[in-house]
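Notes for the one structure printed next.
The values are calculated or read from the model by the stated rules, or taken from the named source; none is laboratory data. Fair warning: this is a prediction, and the values are worked out from it, not measured in the lab. So basically every Cβ, Gly included, is an ideal-geometry build from the backbone, and we count neighbours across all protein chains shown.
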Amino acid sequence: MSETVISLERVSKPLGAIELGPIDVKLERGMVYAVVGPNGSGKSSLFKLILGLLKPKQGELRVFGSDPAVQDPALRERIGYVSESSDVYDDRLTGRSWARFIQRWYPQWNGRLFAELVTEMEIDLTRQLRKMSKGERRRFDLAIGLAKEPELLLLDEPSSGLDPLAWRHMNDRLTRFMSGGDRTIVMATHIVEEVRKLADYIIFIHKGKMLGIYEKDELLAGWKVLWVEGLLEGKLGSAVEQTVEGKLTRVVTPSPAVTERELAEAGGRLLRTEALGLDDILYYMIQKG
Ligand SMILES: Nc1ncnc2c1ncn2[C@@H]1O[C@H](COP(=O)(O)OP(=O)(O)OP(=O)(O)O)[C@@H](O)[C@H]1O
């Protein structure tokens with residue numbers, strides 16, 4: 001039976017020019033959720049709410065059934081967070097000193113896994129954190145996040161600063177992290193490949209508003225571009241965009257089966273169908289409101 005790990009009921013929080021929410025959503029154990037949205041749409045702020053670093057103005061937020069704003073250590077040790085910008089209070093510490101310090105707060109710390117990650121991702125633990133390159137620091141933060149073996153892992157732009165090799169290691173490790181079926185990842189990302197490889201669900205957010213939560217395969221299979229011969233008279237009802245490109249008409253649709261029926265009724269000839277990328281899907285969703 002599915003178990004809710006994070007629940008937001010009518011949660012809202014003013015953020016300067018925009019208001020985050022009201023958001024209603026329940027996230028289940030064993031799933032990977034990708035939070036996708038343009039810059040400034042409120043992804044990091046959503047993480048801060050889940051971590052209890054920000055308090056909702058309204059609504060009820062629960063993580064493992066508790067209010068994260070209470071900052072209960074028993075709740076904190078169940079959650080790992082890899083932020084977008086590294087925020088260790090003393091970055092003159094070496095990687096090794098920081099790892100020694102942090103592991104005291106996480107009873108399920110996996111030293112063997114940490115050592116493997118350090119070797120695999122070529123992290124120099126003798127280096128001060130502030131002297132690590134951006135990529136090395138990112139790899140270090142990810143290694144720390146994974147070695148905590150949290151039940152819930154929050155990743156803010158996990159691939160930012162990673163080269164392709166480190167990115168592959170990270171993806172493999174995150175897949176392994178999820179293999180037991182009892183952990184949950186929520187990650188903010190712009191990277192389509194990352195979503196394709198890892199996510200089960202996609203949460204779209206724009207200007208603080210949640211546009212929806214979608215099962216990944218259904219979403220990616222749903223949105224299509226249909227290339228049609230010649231011009232069409234009038235717009236097909238289910239199309240979100242219909243443009244003429246040379247001798248063809250390009251039709252974007254979230255419901256290809258319906259659009260194909262409409263096209264047949266209009267006497268149009270379908271030449272080919274293409275999948276739509278995540279960025280494009282987000283763009284059209286924002287257009288549709
Ligand atoms: N504590 C705060 N007080 C006021 N405004 C805030 C606060 N934190 C964030 N904001 C504003 O809220 C908006 C959302 O910011 P947030 O960092 O959550 O977005 P994001 O989706 O993570 O963006 P990015 O993709 O650029 O990282 C931005 O306009 C930001 O300036």
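Residues that are hydrophobic (A, V, I, L, M, F, W, C), closer than 17 Å to residue 284 by Cα and within 14 Å of the chain's Cα centre (by Cα): which helices (runs of 4 or more DSSP H) entirely in segment 136-253 hold 1 or more of them? Break it down into steps so the answer makes sense when it comes.
Working: elements: 164-177, 192-198, 216-222.
Here the list reads 192-198.
Which of the residues that make up segment 44-67 are of a type in the set (D, E, K, R) and more than 12 Å from the ligand (Cβ to nearest atom)?
Matches in segment 44-67: 60, 62, 67.
Among the candidates 34, 17, single out the residue that is under 24 Å from residue 195 (Cβ atoms) and either in contact with a helix residue (DSSP H, G or I) (Cβ under 6 Å, 6 or more places away or on another chain) or within 16 Å of the ligand (Cβ to nearest atom) (or both). Before you say what the answer is, go through the steps one by one.
Details: 17 fails: under 24 Å from residue 195 (Cβ atoms).
Sole residue among the options that is under 24 Å from residue 195 (Cβ atoms) and either in contact with a helix residue (DSSP H, G or I) (Cβ under 6 Å, 6 or more places away or on another chain) or within 16 Å of the ligand (Cβ to nearest atom) (or both): 34.
For segment 13-36, name all the residues that are farther than 15 Å from residue 216 by Cα and touching a Phe, Trp or Tyr at 6+ places or on another chain (Cβ under 7 Å).
none
Test of understanding: among 135, 208, which residue is farther than 15 Å from residue 83 by Cβ and out of contact with any strand residue (DSSP E or B) (no Cβ under 9 Å at 6 or more places or on another chain)? Step through it out loud before you land on a result.
Numbers: 208 fails: out of contact with any strand residue (DSSP E or B) (no Cβ under 9 Å at 6 or more places or on another chain).
Residue meeting the stated conditions: 135.
Return the only residue of 60, 19, 84 being assigned to a loop (DSSP other than H, G, I, E, B) and either surrounded by fewer than 16 Cβ atoms within 10 Å (Cβ to Cβ) or in the same structural domain as residue 215 (by TED's automatic domain parsing) (or both). Please lay out each step first, then the result.
Details: 60 fails: assigned to a loop (DSSP other than H, G, I, E, B); 19 fails: assigned to a loop (DSSP other than H, G, I, E, B).
Exactly one residue qualifies, and that residue is 84.
Quick test for you: out of 93, 75, 146, pick the one residue that is touching a strand residue (DSSP E or B) at 6+ places or on another chain (Cβ under 9 Å) and surrounded by 19 or more Cβ atoms within 10 Å (Cβ to Cβ). I'd like the intermediate steps shown before the answer.
Details: 93 fails: surrounded by 19 or more Cβ atoms within 10 Å (Cβ to Cβ); 75 fails: surrounded by 19 or more Cβ atoms within 10 Å (Cβ to Cβ).
Unique residue meeting the criteria: 146.
I'd like to know if segment 158-171 contains one or more residues that are within 16 Å of the ligand (Cβ to nearest atom), among the polar types (S, T, N, Q) and at pLDDT below 95. Steps first, answer last, please.
Within segment 158-171, the subset within 16 Å of the ligand (Cβ to nearest atom) is 158-161.
Keeping just the survivors that are among the polar types (S, T, N, Q) gives 159-160.
Filter again for at pLDDT below 95, leaving 159-160.
Within segment 158-171 (the criterion being within 16 Å of the ligand (Cβ to nearest atom), among the polar types (S, T, N, Q) and at pLDDT below 95), the answer is yes, since at least one residue qualifies.
If only one of 259, 243 is among the polar types (S, T, N, Q), in contact (Cβ under 8 Å) with a residue 12 or more places away in the chain and either more than 24 Å from residue 196 (Cα to Cα) or surrounded by fewer than 12 Cβ atoms within 10 Å (Cβ to Cβ) (or both), which one is it? Even if it seems obvious, please write down each step before you answer.
On the way: 243 fails: in contact (Cβ under 8 Å) with a residue 12 or more places away in the chain.
Of the residues listed, the single one that is among the polar types (S, T, N, Q), in contact (Cβ under 8 Å) with a residue 12 or more places away in the chain and either more than 24 Å from residue 196 (Cα to Cα) or surrounded by fewer than 12 Cβ atoms within 10 Å (Cβ to Cβ) (or both) is 259.
Being modelled with pLDDT of 95 or more, closer than 21 Å to residue 182 by Cβ and assigned by TED's automatic domain parsing to the domain that holds residue 177 is the requirement here; does residue 125 meet it?
On the way: modelled with pLDDT of 95 or more: yes; closer than 21 Å to residue 182 by Cβ: no; assigned by TED's automatic domain parsing to the domain that holds residue 177: yes.
In short, no.
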